[in-house]
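Read through the structure below, which is laid out as structure tokens, and then see the notes.
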Amino acid sequence: MADAGAAGFPRELQVQAIECLADVGFWDALRRHKLDVLGTDDSPIPITGYYTPRQFRPLPSFFNLRSGSLVPPHNAGDRNNCPIAGSLVNTNNMRGFQNLDRDQVLKAEAKKILHDIMSGRVDEDPALLLRFFVISFADLKNWKVYYNVAFPSLVLNSRITLLSLQPASRVLTKEEVMFLCTYITSDSSASVRQLKDWKTCQGNYQSLLFGFYDHGCRSDRPGGAIINYIAFLSIRWKIEKVRFFCYREFKGKPDLEQSLIGEASFPPPYDWDDPEHVPDAIGWEGVEPGKGTEEMKPKEIDLQSMNPASQDEEKQ
Amino acid sequence: MQVKQKVYELYKGTVERVTGPRTVSAFLEKGVLSVPEFILAGDNLVAKCPTWSWEAGDPSKRKPYLPADKQFLVTRNVPCLRRATSLEEEYDAAGAEVVLDDDGEGGWVATHGVQASKPDEEEDIPSMDTLDIGKSDGIKSIPTYFSGGKKEEDEEEDIPDMDTYEDTGDNMVATEPPYFVAEEPEDDNILRTRTYDVSITYDKYYQTPRVWLTGYDELRMPLKPELVFEDISQDHARKTVNIFPFILLILLTYQMECVDNFYHINSQYFNTGNVLIIELYDQNKRTIQCHRLVDHRVTIEDHPHLLAGKHASVHPCKHAAVMKKIVDVLVSRGVEPEVDKYLFIFLKFIASVIPTIEYDYTMDFDLGSTSS
């Protein structure tokens with residue numbers, strides 16, 4: 001099945017969704033944060049997640065939430081730890097968690113991404129394209145946490161057409177990639193140039209590869225980060241056709257066989273300049289695109305091992 | 001066992017508090033690392049294997065003798081495609097080929113398979129609470145099957161004869177439940193398998209690195225530490241010493257690039273994992289030495305730099321002894337290993353404990369120049 005759809009271009013662009021690995025330490029930190037700081041406050045709090053390119057075959061890379069995610073990153077990150085800004089809403093009870101309008105919060109996040117694109121903030125900080133959102137209910141009494149994570153992707157009015165896709169090794173030589181990759185930073189930047197330097201290359205799209213750190217591992221589709229990237233190129237720079245470069249790694253080194261180079265076209269969006277426009281968005285983890293969120297199942301974390309009482313029991 | 005463990009932890013913690021960190025190198029003499037050497041070796045690991053990073057850990061658990069931003073090393077999202085048991089069963093099924101070094105002269109002799117008999121031997125290992133770090137021989141109190149007392153003069157004889165092991169009938173592997181292999185569900189074509197965050201801390205008491213495992217299951221949810229044992233070579237997981245028949249040296253299939261005057265180290269860990277065989281190649285690609293080293297125990301404890309959760313850890317009580325042994329072999333061959341390569345050697349033998357967790361360490365490298 002992996003390559004079943006690979007034949008035949010053009011076709012609609014499909015992407016591999018990113019998945020979140022949240023370690024127990026993160027939820028324990030949230031538990032303590034609720035006890036010590038939040039109380040019953042359920043307004044959104046800023047958190048930080050960490051993004052990496054794919055490093056091991058045949059798995060994708062994951063988005064990590066860690067015990068330090070509740071505090072701002074202490075440095076700019078590195079290749080294994082690209083900090084991404086996100087928000088968390090911790091509700092006070094199960095009912096509040098279940099009754100959250102998930103479509104609405106997703107759209108609100110997408111609106112922020114759209115705003116960052118229009119205002120030019122993304123030019124300076126491409127990581128803003130990868131915003132994420134967490135909703136949770138920390139059941140302190142029972143040492144459980146229920147949560148869902150979303151990676152909002154803007155839904156363009158028109159479909160994105162994938163014109164070609166092939167392993168980077170067929171297009172680039174190893175030397176070229178080594179050169180190219182020395183310029184790839186954090187999560188997304190243009191070939192040989194930072195994204196913000198794009199203007200100097202304007203008018204020369206065909207010789208540009210728009211590269212990004214790709215978490216994905218599939219040969220027939222890029223990782224999900226490309227959607228907001230394309231939205232950015234389309235909305236901010238009015239580009240309608242790009243060649244893109246899904247940069248993947250194997251054990252921290254460029255993986256030409258599994259990196260992808262493709263071409264996609266997308267008609268210009270409309271209505272998006274309207275400041276009141278609320279874009280459609282998808283991105284709840286575990287929810288198929290096009291499906292509603294009604295049936296969404298919360299993930300459940302058991303923090304019983306943090307419970308001093310249960311540890312005492314163990315001793316006896 | 002619980003109480004014993006607690007008492008031990010308390011004791012270890014107290015010793016760590018009242019004694020200063022090691023600052024003088026004893027790498028060659030004892031196989032241990034000083035704090036600056038740990039930083040040096042860690043920097044080298046991060047440079048050579050970019051999937052590894054230094055981390056700060058939780059500020060409240062910061063160790064003052066380590067730099068704030070270099071408290072421990074970690075590599076994340078490491079795939080573990082199948083359970084350790086499956087590796088062992090597969091190896092047994094394939095019929096192990098025994099290849100032994102022919103007296104150091106470069107010949108390889110294949111002998112017999114593995115299925116016929118599986119003699120085990122239970123042997124007392126130095127328990128954690130009897131190890132006395134204060135005595136110089138404490139850290140070297142290694143089981144007799146390492147090499148006995150004649151390692152100095154006769155390395156080649158180091159390999160014990162299979163016949164000396166008695167079959168105790170206590171074969172753990174045979175009773176193991178069926179293993180699981182990662183499967184690709186049809187719907188999304190995404191490989192569902194376990195992943196691990198592997199971290200390396202500095203253990204001040206044993207003065208060695210220490211490996212910690214934080215697992216995630218196929219659904220990307222935290223794995224209970226107990227289930228981590230399924231990914232640990234069964235002998236280690238059981239915390240007993242089951243010596244498997246002495247076997248299991250398979251010639252590596254990849255080509256070894258040998259540079260003049262450099263030796264390469266290589267390890268193989270098949271079947272039980274408690275057998276680590278070090279192959280040293282000289283410049284003519286002849287194997288000049290084989291060794292086996294045995295047993296690490298795995299425990300579940302609090303991570304020294306993370307606040308929450310119990311983590312599985314390969315207990316470091318044997319690490320120095322194993323490292324010392326490897327160092328001795330190298331030195332006896334005129335190679336003085338450089339201390340910044342410590343973690344590469346270390347991770348190789350740790351791979352014998354967790355054979356299916358595919359973390360990165362370079363497969364072959366120069367240990368150092370010959371001392372001559």
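Filtering region A:248-270 to residues that are open to solvent by 10 Å² or more (accessible area, probe 1.4 Å) and part of a strand (DSSP E or B) leaves A:PHE250, A:LYS253, A:PRO254, A:GLU263, A:SER265.
For region A:74-85, the tally of residues that are touching a residue at least 12 places away in the same chain (Cβ under 8 Å) and at the interface with chain B (Cβ under 10 Å from one of its Cβ atoms) stands at 4. Of all the listed residues (A:SER67, A:SER43), the sole one being over 22 Å from A:ARG218 (Cβ atoms), within 7 Å of another protein chain (Cβ to nearest Cβ) and open to solvent by 30 Å² or more (accessible area, probe 1.4 Å) is A:SER67. Of the residues making up region A:49-64, none is open to solvent by 60 Å² or more (accessible area, probe 1.4 Å), more than 9 Å from chain B (Cβ to nearest Cβ) and touching a residue at least 40 places away in the same chain (Cβ under 8 Å). Listed conditions (1) out of contact with any helix residue (DSSP H, G or I) (no Cβ under 8 Å at 6 or more places or on another chain); (2) of a type in the set (Ser, Thr, Tyr); (3) modelled with pLDDT of 90 or more are all met by B:THR19, apart from (3).
Just checking, does region A:275-283 include any residue being farther than 17 Å from A:VAL105 by Cβ, outside any loop (DSSP other than H, G, I, E, B) and more than 20 Å from the chain's Cα centre (by Cα)? Before the answer, list the steps.
If we filter region A:275-283 for residues that are farther than 17 Å from A:VAL105 by Cβ, which is where we start, we get A:275-277.
Add one more test, that the residue is outside any loop (DSSP other than H, G, I, E, B), and what stays is none.
Within region A:275-283, not a single residue is farther than 17 Å from A:VAL105 by Cβ, outside any loop (DSSP other than H, G, I, E, B) and more than 20 Å from the chain's Cα centre (by Cα).
Selection of region A:70-79 for residues being open to solvent by less than 60 Å² (accessible area, probe 1.4 Å) and modelled with pLDDT under 90 yields A:PRO73, A:GLY77. In summary, strands (runs of 3 or more DSSP E) completely within region B:277-362 and bearing 2 or more residues that are closer than 18 Å to B:TRP212 by Cα and at pLDDT 80 or above occur at B:298-302, B:310-314.
The condition (being within 14 Å of another protein chain (Cβ to nearest Cβ), part of a helix (DSSP H, G or I), open to solvent by 10 Å² or more (accessible area, probe 1.4 Å) and over 25 Å from B:TYR342 (Cβ atoms)) is satisfied by just one residue among B:VAL46, B:VAL7: B:VAL7. Report yes if some residue within region A:85-103 is touching a strand residue (DSSP E or B) at 6+ places or on another chain (Cβ under 7 Å), farther than 30 Å from A:PRO308 by Cβ and modelled with pLDDT under 90; otherwise report no. No, that holds for no residue. Test each condition in (1) more than 24 Å from A:LYS141 (Cβ to Cβ); (2) open to solvent by 30 Å² or more (accessible area, probe 1.4 Å) for A:CYS82 and report the one that comes out false. Result: A:CYS82 fails condition (2) only. The requirement of being assigned to a helix (DSSP H, G or I) and at the interface with chain B (Cβ under 10 Å from one of its Cβ atoms) is satisfied by A:PHE26. If I filter region B:328-344 for residues that are of a type in the set (A, V, I, L, M) and within 23 Å of B:LEU81 (Cα to Cα), do I get at least one hit? Within region B:328-344, none of the residues are of a type in the set (A, V, I, L, M) and within 23 Å of B:LEU81 (Cα to Cα). Taken over region A:231-247, the criterion of being over 18 Å from A:VAL171 (Cβ atoms) and open to solvent by 60 Å² or more (accessible area, probe 1.4 Å) is satisfied by A:ARG236, A:LYS238, A:GLU240.
Please pick out the residue among B:PHE72, B:PHE27, B:PHE38 that is within 14 Å of chain A (Cβ to nearest Cβ) and either touching a residue at least 24 places away in the same chain (Cβ under 8 Å) or not basic (Lys, Arg) (or both). Reasoning before the result, please.
Details: B:PHE27 fails: within 14 Å of chain A (Cβ to nearest Cβ); B:PHE38 fails: within 14 Å of chain A (Cβ to nearest Cβ).
Result: B:PHE72 is the single residue among B:PHE72, B:PHE27, B:PHE38 that is within 14 Å of chain A (Cβ to nearest Cβ) and either touching a residue at least 24 places away in the same chain (Cβ under 8 Å) or not basic (Lys, Arg) (or both).
Would you mind stating whether A:LEU88 is closer than 23 Å to B:LEU219 by Cα, within 14 Å of chain B (Cβ to nearest Cβ) and open to solvent by less than 10 Å² (accessible area, probe 1.4 Å)? Before the answer, list the steps.
Values: closer than 23 Å to B:LEU219 by Cα: yes; within 14 Å of chain B (Cβ to nearest Cβ): no; open to solvent by less than 10 Å² (accessible area, probe 1.4 Å): yes.
Answer is no for this residue.
The values are calculated or read from the model by the stated rules, or taken from the named source; none is laboratory data. Remember, it's a predicted structure, so these values are computed and weren't measured experimentally. FYI the Cβ positions are ideal-geometry reconstructions off the backbone, even for glycines, and counts take in every protein chain you see. In case anyone asks, the SASA skips ligands and DNA or RNA and just uses the protein heavy atoms, side chains included. Shrake-Rupley method; radii C 1.70, N 1.55, O 1.52, S 1.80 Å.
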